[in-house]
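A.B. asks: Please read through the structure below; I'll follow up with questions.
The values are calculated or read from the model by the stated rules, or taken from the named source; none is laboratory data. All figures in this text were calculated on a predicted structure; none of them were measured in a lab. Note that each Cβ is placed from the backbone with ideal geometry, even for glycine, and that neighbours are counted across all protein chains shown. Each accessible area value is taken on the protein alone, full model and side chains, heavy atoms only, with ligands, DNA and RNA left out. Shrake-Rupley method; radii C 1.70, N 1.55, O 1.52, S 1.80 Å.
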Amino acid sequence: MKLSREISNNGRFVRQPNRFTDRLGPPEPGRYRLYASYACPWAQRVLIVRALLGLEDLLDVTIVDPIRDEKGWRIPDGDPEYLSELYHATEPGYTGRYTVPCVWDTTDKRIVTNDFPQITLDLEMSWGTSPNLYPERLRPDIDIMNDRLYHGLNNAVYEAGFARDQQAYEEAVARVFSTLDSLEVRLAESDYLFDTLTDSDVRLYTTLARFDAVYYAHFKCSVRRLSDYPALWAYARRLYAIPAFRETTDFDHIKRHYYITQTNINPTGIVPVGPEIDWSL
C-alpha cells in the first residue's frame, strides 16, 4: 500500500500531497461521482456535508470496500473493479496511493479532485447553501480552526499511529491531547465550535467518532479516551444524533479497515471486540 513512502528518514509520518486538485464545476445531475469509504475520516466528511446540504441527487456516490489490499480500494460489484483504475485512467503511470475521497467526472472521464480539505468547501460554497456550513462572517476563523484541527488532531493521530520513532510518536501524541484538552474547555460552554454548526464541526467529528474504537488502542493515543472528556463526549453524541452524521458512521467498516488493512501496526489482522459504547444521547 506504499505507506513506507510516507515515512521520513527520522521515522515520522508525512502524508502524501493530494495529486488532483481541480475545483468542482457547477452541479450537474449525473456528471460527478464521489468515491468514498465509511472507514475513512476524510471521506466521511464529504458524505456528511453531502447529506446535510441535500446534495444526494446532484452528487452520486460509490462506497468502496473497507478492506484495502496492495491494489488499493476495491469497488464492490463495480466497473472498474479497483479505484486505482480511475487514477491510472486520469494519469497513466500514477505512483502514489489511491485515496478516497475522490470525485470522478463521468463526462471528461477523469478524477477532478482527491483534495479532501477543499472538496467540502466547494460543496458548501457552490453546491448547497442551507445549512450554511461556511458562512462568510466566520470563514477566517473556520480556516484557522480547520488548520489547528488538522495539525493537532485529524492528522496527528496518524502521525502517532504510523510513527517509527519514539520521539516522533510522543510529540504527535502530545499534540493530540493538547488539542483535545483545549477543545474540552471550548465545548464546555458551546454546543458547537462556533455559534452555529460549521465545516469545522464536521472535520472534528470524524476523528472523534474513531477515537475510542480505533485511535486509542490501534494508534496508541491512549492517554485518555474520548469518553473521558465530558464536554467533548456530549458534543460528539449531539452530532451523532443528527442523521447526516449518524447514517454515515459505520463502526464495523471503521474497525475492519484499520485493524485488518494496517498490518504494519496490527500484523495478526485480528479485529478487537468492543469497546461497548452507547452513542445515544
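A.B. asks: Leaving ligands, DNA and RNA out of it, rank ASP79, ASP212 by accessible area with a 1.4 Å probe, largest first. Please list the in-between numbers first.
C.D. replies: Values: ASP79 150, ASP212 20 Å².
Ranking ASP79, ASP212 by accessible area, largest first, yields ASP79, ASP212.
A.B. asks: I need the P(r) histogram for region 73-221: all alpha carbon pairs, bin width 5 Å from 0 out to the longest distance, whole percents.
C.D. replies: Spelled out bin by bin, region 73-221 gives 2, 8, 14, 16, 15, 16, 15, 9, 4, 1, 0 percent.
A.B. asks: Applying a 10 Å radius around every beta-carbon, put 9-16, 269-276 in order of their mean neighbour count, most first.
C.D. replies: Going from most to least packed, we get 9-16, 269-276.
A.B. asks: Reported to two decimal places, what Rg/Rh ratio describes region 137-181 when computed on Cα atoms with Rh from the Kirkwood expression? List each step's numbers first, then the result.
C.D. replies: Numbers: Rg = 12.1 Å, Rh = 10.9 Å.
So for region 137-181, dividing Rg by the Kirkwood Rh gives 1.11.
A.B. asks: Rg(Cα) of the chain divided by 2.2 N^0.38 Å?
C.D. replies: On the way: Rg = 18.2 Å, N = 281, 2.2 N^0.38 = 18.7 Å.
My calculation over the Cα atoms of the chain gives 0.97.
A.B. asks: Within straight cross-link reach of LYS71, meaning Cα distance under 18 Å, which aspartates and glutamates are found once same-chain residues fewer than 8 apart are removed?
C.D. replies: By straight Cα distance, LYS71 reaches GLU6, ASP79, GLU81, GLU85, GLU91.
A.B. asks: Calculated from DSSP H runs of 4 or more alone, at -39500 (n - 2.57) each and per residue, what is the 222 nm mean residue ellipticity of the chain, nearest 500?
C.D. replies: Numbers: 10 runs with 98 residues, N = 281.
Only helices count here, giving -10000 deg cm²/dmol.
A.B. asks: Something else now. Can you name the helices of the chain, as whole DSSP H runs, whose Cα span along the helix axis is 20 Å or more and whose Kyte-Doolittle mean is not below -1.0?
C.D. replies: Numbers: long enough: 166-187 (31 Å, -0.06).
The qualifying helices are 166-187.
A.B. asks: Beyond 26 Å, how much of the Cα-Cα pair distribution for region 133-279 remains, as a whole percent? Please report the intermediate quantities before stating the final value.
C.D. replies: Numbers: 2593 of 10731 pairs.
For region 133-279, the fraction of Cα-Cα distances above 26 Å is 24 percent.
A.B. asks: Rounded to the nearest 20 Debye, what is the dipole magnitude of region 221-281 about its Cα centre when Lys and Arg each give +1 and Asp and Glu each give -1 at the C-beta?
C.D. replies: On the way: 7 positive and 6 negative charges, 32 e Å.
Once rounded to the nearest 20, the dipole reads 160 debye.
A.B. asks: Can you give me the distance in nm between label points at ASP191 and SER8, each placed 7 Å from the Cα along the Cα-to-Cβ direction?
C.D. replies: 4.2
A.B. asks: Using the charge dipole of region 122-281 (Lys, Arg: +1 at Cβ; Asp, Glu: -1 at Cβ; taken about the Cα centre), state which of LEU138, TYR259, TYR215 has its Cα farthest towards the positive end.
C.D. replies: Of the listed residues, the answer is TYR259.
A.B. asks: Considering only DSSP beta bridges with both partners in region 1-125, what is the antiparallel share in %, to the nearest 5?
C.D. replies: Numbers: 11 of 15 bridges.
Percentage antiparallel, nearest 5: 75.
A.B. asks: Determine how large the accessible area of LYS255 is when every protein chain is in place; take a 1.4 Å probe and give Å² rounded to the nearest 10.
C.D. replies: Solvent-accessible area, nearest 10 Å²: 30 Å².
A.B. asks: A further question follows. By per-residue mean of other Cβ atoms within 10 Å, what is the highest-first order of 241-251, 198-208, 214-224?
C.D. replies: Numbers: 241-251: 16.5, 198-208: 23.8, 214-224: 19.5.
My ranking of the peptides, most packed first, is 198-208, 214-224, 241-251.
A.B. asks: Which whole-percent values make up P(r) of region 191-233 when all C-alpha to C-alpha distances are grouped in 10 Å steps starting at zero?
C.D. replies: Percent of Cα pairs in each bin: 27, 49, 22, 2.
A.B. asks: While we're looking at this one, here's another question. Using the heavy atoms of the protein chains alone and a 1.4 angstrom probe, what is the accessible area of the chain per residue in square angstrom?
C.D. replies: Accessible area per residue: 44 Å².
A.B. asks: Here's something else I'd like to know. For region 210-244 and region 92-158, what is the separation of their Cα centres, given in Å?
C.D. replies: Cα centroid of region 210-244 versus Cα centroid of region 92-158: 22 Å apart.
A.B. asks: Once amide H atoms are built 1.01 Å from N in the peptide plane, which residues 5 or more positions from ARG110, or in another chain, come under 5 Å H to H?
C.D. replies: Under 5 Å from the amide H of ARG110 lie the amide H atoms of ASP105, each far enough along the sequence or on another chain.
A.B. asks: Using the Kirkwood radius over C-alpha pairs as Rh, can you work out the diffusion coefficient of region 1-61 via Stokes-Einstein at 25 °C, viscosity 0.890 mPa s, in µm² per second? Display every interim value, and only then the final one.
C.D. replies: Working: Rh = 14.1 Å.
Using the Kirkwood radius from Cα pairs, D works out to 174 µm²/s.
A.B. asks: Further question on the same structure: Can you give the accessible area of TYR38, probe radius 1.4 Å, in Å² rounded to 10?
C.D. replies: Per-residue accessible area (TYR38): approximately 60 Å².
A.B. asks: Once you treat every alpha carbon in region 1-139 as an equal point and sum by Debye, what is log10 I(q)/I(0) at q = 0.12, 0.13, 0.16, 0.18 Å⁻¹?
C.D. replies: -0.49, -0.57, -0.85, -1.04
A.B. asks: Can you give the FRET efficiency to the nearest 0.05 for HIS151 and ALA241, using r as the Cβ-Cβ distance and R₀ = 30 Å? Display every interim value, and only then the final one.
C.D. replies: Working: r = 29 Å, r/R0 = 0.95.
Plugging the Cβ-Cβ distance into 1/(1 + (r/R0)^6) gives 0.55.
A.B. asks: So, one more: Work out the length of the dipole vector of the chain about its Cα centre, built from +1 on the beta-carbon of each Lys and Arg and -1 on the beta-carbon of each Asp and Glu, and round it to the nearest 20 debye.
C.D. replies: On the way: 32 positive and 41 negative charges, 136 e Å.
Magnitude of the dipole: close to 660 debye.
A.B. asks: Hey, another quick one. Please compute the alpha carbon radius of gyration of region 229-281, then divide it by the globular-protein estimate 2.2 N^0.38 Å. Two decimals is fine.
C.D. replies: Numbers: Rg = 13.6 Å, N = 53, 2.2 N^0.38 = 9.9 Å.
Normalised by 2.2 N^0.38 Å, the Cα Rg of region 229-281 equals 1.37.
A.B. asks: What percent do you get for the relative contact order of the chain when only Cα pairs under 8 Å and 6+ apart count? Kindly include the intermediate steps, with their values, before the conclusion.
C.D. replies: Values: 429 pairs, mean separation 60.0, N = 281.
Reported as a whole number, the value is 21 percent.
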